[in-house]
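Data first, discussion second: the structure below is written as structure tokens.
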Amino acid sequence: WAMETELIAEIKKYFKPKKIQDYTINIKIDKLGQSLINCEKNGKVLKSLPTKLKREEYIEEIKTIHKNLKEQYSRSRKMLEQSMEDGVKFYGYELKTLSTNPVVAPLIKNLVFKSENILGYYEDNKLIGFDKKAKKVILIDDIDKEGVLSIAHPFDLFNSKQWTLYQQDILERQIKQPFKQVFRELYIKTKDELEL
């Protein structure tokens, strides 16, 4: 995860608009964490790069960076899902660092995390979830840098008896999670199956 964040630090210059001929080019990352090459002429965003720019050295560089960011997005999604399945623990300082990565931050923003028996969304070093009256509240105000969180598995959501609250919240806010977490299928063994 540290390497993913270092990658962003190395390519920050490509996020700043650069003038090439009559065009302004830069990389943007949307609110979902996906990158795009932004090309503008006279303040108007173009749908694609003009043919005459495609041979420019800077354009080749920016295309490579864009490709790397797309791969980082895909890789991060898979790693986060695997982390949920494996019950990987994240320290508070790790999540704080990941929140500075414009590709990874949108991915973790809408996942439900677990700290001991408390579930909530990670936001600005806080865990925000639901109280007994189903109101959204800050459950942990300042996550200690050594505090440990994991991405809540559907079994954790089931055991918390708040699964429907998170499903309802995701639907109401029209959130697209990076992978199936809150709407993932869960098969619980019956009493007879457990006795086998």
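The values are calculated or read from the model by the stated rules, or taken from the named source; none is laboratory data. Only a predicted model underlies this, so the values are computations on that prediction, with no experimental measurement involved. We place every Cβ from the backbone using ideal geometry, glycine too, and count neighbours over all the protein chains shown. Accessible surface is based on the protein model in full, side chains and every heavy atom, while ligands, DNA and RNA are left aside. Shrake-Rupley method; radii C 1.70, N 1.55, O 1.52, S 1.80 Å.
Per-residue ellipticity at 222 nm for the chain, helices alone: DSSP H runs ≥ 4 residues times -39500 (n - 2.57), over residue total, nearest 500 deg cm²/dmol? Working shown, then result.
Details: 7 runs with 73 residues, N = 196.
Helices in the chain give a 222 nm mean residue ellipticity of -11000 deg cm²/dmol.
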Could you pull out the GluC sites (Glu not before Pro) across segment 103-196 that fall in loop regions by DSSP (anything but H, G, I, E, B) with no more than 15 other Cβ atoms inside 10 Å? Glu116, Glu146, Glu185
Name the long-range amide H neighbours of Asn38: under 5 Å, sequence gap of 5 or more, or other chain; modelled H, no Pro or chain starts. Asn26, Ile27, Lys28
First compute the accessible area of segment 109-149 with a 1.4 Å probe, then give the percent of it belonging to carbon and sulfur atoms. 47
With all protein chains present, how much of the accessible area of segment 1-88 (probe radius 1.4 Å) comes from carbon and sulfur, to the nearest whole percent? 50
In whole angstrom, the spacing between the Cα centers of segment 1-54 and segment 113-150 equals 34
Only Cα pairs within less than 10 Å get springs; with that Gaussian network setup on the chain, which residue of Thr51, Thr97, Thr64 has the largest fluctuation? Thr51
Viscosity 0.692 mPa s, temperature 37 °C: Stokes-Einstein D of segment 147-196 from its Kirkwood Cα radius, in µm² per second? 261
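Could you do me a favour and compute the accessible area per residue for segment 1-144, 1.4 Å probe, result in Å²? Write out the running numbers ahead of the final one.
Working: 8760 Å² over 144 residues.
Accessible area per residue: 61 Å².
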Enter the angle in degrees (range 0 to 90, nearest 10) between the Cα long axis of helix 57-86 and the first principal axis of the Cα atoms of the chain, meaning the one along which they spread out most. 0
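I need to check one value: relative contact order of segment 14-158, counting alpha carbon pairs closer than 8 Å and at least 6 residues apart, in percent. Please list the in-between numbers first.
Values: 211 pairs, mean separation 28.1, N = 145.
Dividing the mean separation by the residue count of segment 14-158 yields 19 percent.
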Quick one: which residues, 5+ away or cross-chain, put their amide H under 5 Å from the amide H of Leu139? H built at 1.01 Å from N. Leu127, Ile128, Gly129
Most mobile of Pro102, Pro178, Pro50 in a GNM of the chain (Cα contacts under 10 Å): Pro50
Answer label for semi-axes √(5λ) of the Cα gyration tensor in Å (calculated), chosen among [x] 28, 22, 14; [y] 33, 21, 13; [z] 39, 17, 16: [z]
Among Gly147, Gln177, Tyr91, whose Cα lies farthest out toward the positive end of the dipole of the chain, if unit charges sit on the beta carbon of Lys, Arg (+1) and Asp, Glu (-1)? Gln177
Residue by residue through segment 19-35, the couplings from Karplus 6.51 cos²θ - 1.76 cosθ + 1.60 with θ = phi - 60°, in Hz, x for Gly and Pro, are 7, 10, 6, 9, 10, 10, 10, 6, 9, 10, 10, 6, 5, 8, x, 9, 8
